[in-house]
1. Given the peptides 650-656, 275-281, arrange them by the average over their residues of other C-beta atoms within 10 Å, most packed first.
2. Determine the shape class of region 118-161: with a ≥ b ≥ c the square roots of the Cα gyration tensor eigenvalues, call it rounded for a/c under 1.5, and otherwise prolate if a/b is greater than b/c, oblate otherwise.
3. What's the center-to-center distance, using Cα atoms, between region 504-558 and region 71-85 in Å?
4. Name the residue farthest towards the positive end of the dipole of region 637-679 from the options GLY669, ALA647, PHE659, assuming +1 on Cβ of Lys and Arg, -1 on Cβ of Asp and Glu, about the Cα centre.
5. Sort 479-486, 503-510, 640-647 by the packing proxy (mean of other Cβ within 10 Å over each peptide's residues), most packed first.
6. With only alpha-carbon atoms in the gyration tensor, what are the semi-axes of the equivalent ellipsoid for region 61-240, in Å, largest first?
7. Report relative contact order for the chain in percent, whole number only (criteria: Cα-Cα under 8 Å, sequence separation at least 6).
8. What label, among (i) 76, 73, 50; (ii) 148, 47, 42; (iii) 85, 63, 49, belongs to Cα extents along the principal axes in Å computed from the structure on display?
Amino acid sequence: MRRIALIVLGVALFAGAALRDAADRWVAATELPPLAVETSVEVIDRDGQLLRAYTVADGRWRLATSVDGVDAGYLRMLMAYEDGRFLRHAGVDPIALGRAAVKAAWRGRIVSGGSTLTMQVARLLEEGPTGSVAGKLRQMRVALALERRLSKDEILGLYLNLAPFGGNIEGLRAATLAWFGKEPRRLTPAEAALLVALPQAPEARRPDRDVAASRAARDRVLARAVRAGVLTAEAAAAARRDPVPTLRRPFPALAPHLSDRVLAAAPGTALHQLTLSAPLQARLEPLAARAALQAGEQVSVALILADHQTGEILAQIGSAAYEADRRAGFVDMTTALRSPGSTLKPLVYGIAFDQGMAHPETLIEDQPMSFGGYAPQNFDGVFRGTIRLREALQLSLNLPVVMLTDAFGTTRLMAHLRRAGVRAVLPGGQPGLAVALGGLGVTLEDMAGLYAALARGGAAIRLSALPGQAGPTGLRVLSPEAAWQVGDILSDMPPPPGAARTGLAYKTGTSYGHRDAWALGFDGRYVAGVWLGRPDGTPVPGAFGGELAAPLLFEVFAHLKGTLDPLPPPPPATLILPTAGLPQPLQRFRPPGAVLAGTTDAPQVAFPPDGARIEGGGDMLALKVRDGQPPFTWLADGLPVVIGSHARQALIDLPGPGFITLSVIDAAGRAARSTVRLD
């Protein structure tokens, strides 16, 4: 009898071992589905905050989620509800399966499936069926194989990335952003319970479709969490009072144009980090949209803000919208070639200061002139006569800046632009004097870099939104003294209407035909640039940089911080003197080779003589010029009244009573004036 028992035991043990060996071979031979999960490409800011995400190939939102980036309370609640022995079983829980079988036999239908989290991962990986026996057996086999291949955290990580949460939302992180607008690191008990419940029936329990169903499912999870000791009854009761979200939130889409650009440059990279600040970007984008709305329905806007000490771009807006609308919002206007208008003038003045040709207090003549057939006019058509360079730059006069450019040459101007990193495009191939007034194509990105160099004492710096790509280039655009003088002039510019005088060094610009409105400025730490206009280059009637772009520029700095960082003090070698105290050559600007007024053949006003008092007696006033070289141009109070006349006499309409200043300029640019009183 004992012998028979021993034989039976041996056969049983042998059979059990054989079964275990067969089961082991069966599990080992399992062909696993691909374990690599495609997740959304992400663009994050300098602190790791999400700027923008892209859907995966099939249009689903599936953002990469790791176990250590998830709220611990959620994980405890998940395991308590879905798989209480997850950390102890080998992929299949016999106890849970047995309990499910007993319930099914007792009630005559399947009440619970007995699936472990690992089995659910197996189903999600293969997108297999949930109700069939064959499907369950396949899930069990894959689950057992997964437990041999992966750690518990790796299996849990797959669930966190693949679990469905309604619509095209997959994965916990996508769910927390869509339903709560937050990352999954910190979740309330109510939030965690809803997220545990949703994958069980993601469409039936979607909060935006059936609030009652989602609340009931959430509350069942809370009840089980109390029974499992994960939550106290008081905490669960408080969680039940929390509302269920009723709307799905949009995913972050900050800096979309820049995000598209970095993605196109590195298409195989899953995570792109930028130097932008997401909170700052989020504050500035609505400002840009509002500015475009106020400017006109087809006007776009672009904006750049950077730290000129490091070169890192903190905010960048390609347009006021990101769609194919009437503003062509899909076009990134930070990289578009546009005419800079008067925003190049500070560089021209800085070069003149550097070359020893002029000083901020140097006097210059603002008068009609011809430069080889090129006869620029001031924007308002008025000439101011003798004026300090400081005032000429602040008033953005055209004649003085062309005179300076003509004196040192357009080749030098283009060389300084290249040193600043400005990749200028010339319409005709060769630079003419019109480049000083914006007759070339530049980008907002490059212009911000130019003004960053001015802010840095003339030292060029590369601006970039890519970590490690920004920084000084080692090139010098201006001397420290000339750069400080330019900044000092610009910081004394009057602010736009309604803005406080803050000492922001800034310059505006308006291109020919009102196609582009610009404003660029800097304080002691930051540089910003603003552009407004139509992307197709159509004129925007009445658009001026001072009226459209400058207010937005001041708003940008107001949202950046409370007060501006002060500009640096003047370098020790800076010459700070009034006009009369300057060296004689710097007191008045004389173009190289210019003939001084007052020489024997210079023009003189023969009639009416200076200081004369003229009685009324007719509708016309006679003008006479002696000496000088024709043709002659006459001005009355700065406004041209006779242009290109070869005659030495002219008649003009008699103005009203009062004092009037008459000026005559000959072909060599020499001038004379006479101030008379009309009665």
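1. 275-281, 650-656
2. Values: a/c = 3.12, a/b = 1.59, b/c = 1.96.
The shape class here is oblate.
3. About 55 Å separates the Cα centre of region 504-558 from the one of region 71-85.
4. Looking along the dipole axis, the top candidate is GLY669.
5. 503-510, 479-486, 640-647
6. Gyration-tensor ellipsoid for region 61-240: 24, 19, 16 Å.
7. On the way: 1339 pairs, mean separation 67.4, N = 679.
Result for the chain is 10 percent.
8. It is the one labelled (ii).
Every number in this text was worked out from the coordinates using simple rules, so none of it is lab data. The structure presented is a predicted model; accordingly, all values stated were derived computationally and were not measured. Reconstructed Cβ throughout: ideal geometry from the backbone, glycine too, with neighbour counts over all protein chains shown.
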